[in-house]
Amino acid sequence: MVITFRPLLKEDYELFAHWLEQPHVSKWWREPATVEFVEKEYGPSDKKTDVYIIEGDSKPIGIIQSYRIEDYPEHFEKIRIKKAIGIDLLIGLSNLTGKGYGTQLLESFINTMIRKKYSNANYVIADPEIANIASVRAFEKAGFKKGDIVRGDHGPEQLMIFQL
């Protein structure tokens, strides 16, 4: 599968909301699955976070976002790693989970987006819940190393650290 990334557009909000209500997503992304919420939380008003649609063979399959961790002081207090870029992602189609696409898209996103946009960053950080074993494994397969366990909103989270 050829993986590409493009900015999230208003036309994508309905699809994003649909993904948020899928059982394999809502288990970990506990957010309202509404167009209004997606627009408010992920729309263009937040210039500190870049949100992208992940496309597999030119079809939308999920989202990924990136941000400077230091731009979010509360999050930085938890992470405490300077010059780090945070990422979060979801694969919206359940039939594409567990097949290695998460690892593939992480590698591609780091190489095509992160290294260019955040050239002065030293690390890429994710913080999946410890119980999200599939996510932790995908990050490990993409070259991330386990860091500290930190307190999350819904339970302990495993810091996953990729050195650039």
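Data for the structure
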item: GLY147 long-range amide H proximity, modeled H, under 5 Å; result: LEU159, MET160, ILE161
item: Gained length - ALA33 relative to ARG137, 0.36 nm times residue gap less alpha-carbon distance; result: 34.8 nm
item: Cleavage-rule hits (trypsin sites (Lys or Arg not before Pro)) in segment 84-145: DSSP loop, at most 13 neighbouring Cβ within 10 angstrom; result: LYS99
item: For segment 96-164 and segment 2-59, distance of Cα centres in Å; result: 18
item: Student exercise, segment 1-140 dipole from Lys, Arg, Asp, Glu Cβ charges, in Debye to nearest 20; result: 560
item: Loop-located trypsin sites (Lys or Arg not before Pro) in segment 24-64 whose Cβ has at most 14 other Cβ within 10 Å (DSSP); result: LYS27, ARG30, LYS47, LYS48
item: Segment 3-163 shape via C-alpha gyration tensor axes, a/c threshold 1.5; result: rounded
item: Net length gained if the chain between HIS18 and GLN65 were fully extended (0.36 nm per residue, minus Cα distance); result: 15.2 nm
item: Net length gained if the chain between GLU77 and LYS146 were fully extended (0.36 nm per residue, minus Cα distance); result: 23.0 nm
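Each value in this text was obtained by applying a stated rule to the coordinates, not by laboratory testing. Here the structure is a predicted model, which means the values were calculated and not measured. Because the Cβ atoms are built from the backbone with ideal geometry, glycine has one as well, and the counts that use them run over all protein chains shown.
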